Amino acid sequence: MDEEIKEMKQLMLERRWEEALTLARALSEKGLSEGEAAMARLYYHGYGVKKDEMEAFLLASRSAGKGNAEGQYLLGEMYMDDREMIPEYKKAFEMFQKSALQGNARACMMVGLMYAKGQGTEADGIRAEEWFRKAFLGLKRKEENGEADTEETGVLGLLYLHGMGTEMDQPRAIQLFLKSARLGNDEVQQTLGQCIIEGQGTEKNISRGLEWIRKSAENGNTESQILLGDIYLKGQIVEKDLSEAARWYRKAAEQGDKVGESRLGILYFAGLGVEKDKNTGLEWITRAADHGQASAQWLLGHFYRRGRGMEVDYEKAGEWFKKAAARHYGKAANSLGDLYKLGLGVEKDRSKAIEWYKKALAWGCREAAKNLIELDDHGQDAGEYLKSLKHTIQ
């Protein structure tokens with residue numbers, strides 16, 4: 001059994017995903033936490049298998065429950081996921097700390113970051129630096145002994161890049177990123193590309209930076225695929241190219257990435273970069289909504305409310321708004337306030353409208369302040385609160 005675990009880990013290091021998946025599944029079926037943790041990682045990132053965040057979460061939970069440090073680390077990552085979800089910082093901190101106490105250097109870095117930001121625990125700069133130092137020393141030792149995998153090499157680079165646990169040394173960070181990226185680590189390829197585009201630790205070079213991000217995307221990294229889509233959609237550092245944006249969003253969407261699904265759906269609905277097809281657009285947006293993307297859930301609700309691509313249905317609109325609001329999506333809470341204010345699909349209720357507008361304001365929706373003022377419910381307070389949020393509302 002130990003030999004099978006060792007072989008699986010080697011396959012993971014060599015990024016031979018399909019072979020690793022086969023062996024990980026066999027180990028998982030025997031109830032071994034190492035196999036469950038490996039499968040969780042593969043499903044979470046979509047390596048060698050279609051991306052499935054729910055399956056990844058279940059596998060990581062099972063592995064972590066058996067005390068596996070890698071499973072605990074992955075579960076912490078999932079609790080930290082803020083891509084239109086509500087990060088559960090306390091649970092993430094608990095998982096990272098359990099993993100770190102078993103010597104997982106990446107988890108040590110995450111514990112340090114959470115102490116530094118006061119996420120899931122009280123902010124404590126001294127403890128943050130202690131954990132950063134543990135992470136740095138552990139990873140530096142593994143790197144010097146030739147024992148670090150590509151992910152650990154990349155994390156060591158991050159510590160050098162930001163001066164966490166050591167003196168800041170951005171050129172050294174770039175050296176480590178290059179080493180990891182050349183060995184095929186798609187996450188580090190993206191980080192390296194962004195550093196080169198921004199000129200961190202190396203000469204600024206947009207085309208060279210994009211090459212690394214493109215390599216990451218071609219290796220199946222959905223975040224890089226979406227990043228490229230955004231870059232071509234906005235046209236800020238390259239010439240705007242909507243068809244190229246759609247191509248990269250499609251790659252992410254076809255791997256089950258909810259952000260890619262939503263972005264691609266919007267392009268189809270609007271006819272941007274692809275032939276306009278509202279039905280196809282709605283299919284992709286619905287997939288994203290079903291996968292839990294809050295903005296897609298709100299958008300479906302908006303379509304039902306306004307009758308865009310479908311008949312008006314205020315009750316269904318309210319259902320989708322509530323799903324998005326459950327993820328603290330400000331626009332959704334504001335839209336629920338509108339339904340209660342106007343009595344659309346629900347009984348007209350001024351107090352509930354105010355309640356939802358206040359939540360929307362707390363979750364960063366500017367429009368809610370105006371709605372509260374119009375209802376004359378502590379309008380001055382709403383205006384002052386909006387000013388207090390001016391640095392955090394995007």
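Computed over the alpha-carbon atoms, the chain gives an Rg to Rh ratio of 1.00, Rh here being the Kirkwood radius from the mean inverse distance.
Across the cross-link table entries Lys6/Lys142; Lys66/Lys142; Lys51/Lys234; Lys30/Lys140; Lys90/Lys117, which are compared at the Cα atoms, the separations over 23 Å belong to Lys66/Lys142; Lys51/Lys234; Lys30/Lys140. Using just its DSSP H runs of length 4 or more, each adding -39500 (n - 2.57), the chain gives a mean residue ellipticity at 222 nm of -22500 deg cm²/dmol after division by all residues. For segment 189-299, the relative contact order works out to 15 percent when only alpha carbon pairs closer than 8 Å and six or more residues apart are counted. Close amide H partners of Gly199, meaning residues 5 or more places away or on another chain with modelled amide H under 5 Å apart, are Asn205. Our coupling estimate for segment 30-44, obtained by passing each phi through the Karplus curve with A = 6.51, B = -1.76, C = 1.60 and θ = phi - 60°, is 8, x, 7, 4, 5, x, 5, 5, 5, 5, 4, 5, 4, 5, 5 Hz, Gly and Pro reported as x. Positive-end ranking of Gly31, Gln225, Phe136 along the dipole of the chain, with charges on Cβ about the Cα centre, is headed by Gln225. Under a model in which nothing but the beta-carbon of Lys, Arg (+1) and Asp, Glu (-1) is charged, segment 1-102 shows a dipole of about 140 debye around its Cα centre.
Sorted ascending by nearby beta carbons within 10 Å, beginning with the fewest, Lys258, Lys117 become Lys117, Lys258. For segment 82-135, GluC sites (Glu not before Pro) are listed when DSSP marks them as loop and at most 10 other Cβ atoms sit within 10 Å of their Cβ; the list is Glu122.
With 22 Å as the limit on Cα-Cα distance, the pairs of Lys278/Lys348; Lys258/Lys278; Lys91/Lys322; Lys258/Lys341 that go past it are Lys278/Lys348; Lys91/Lys322; Lys258/Lys341.
Evaluated with a Cβ-only charge set (Lys, Arg +1; Asp, Glu -1), the chain carries a dipole of roughly 720 debye about its Cα centre, given to the nearest 20.
Taking the fewest neighbouring Cβ atoms within 10 Å as the starting point, the ordered list for Arg327, Arg306 is Arg306, Arg327.
The numbers here are math on the coordinates, done by the rules we state, and not lab data. Bear in mind that the values here come from a model prediction, so they are computed numbers and not experimental data. Every residue, glycine among them, receives a Cβ derived from its backbone with ideal geometry; neighbour counts consider all protein chains shown.
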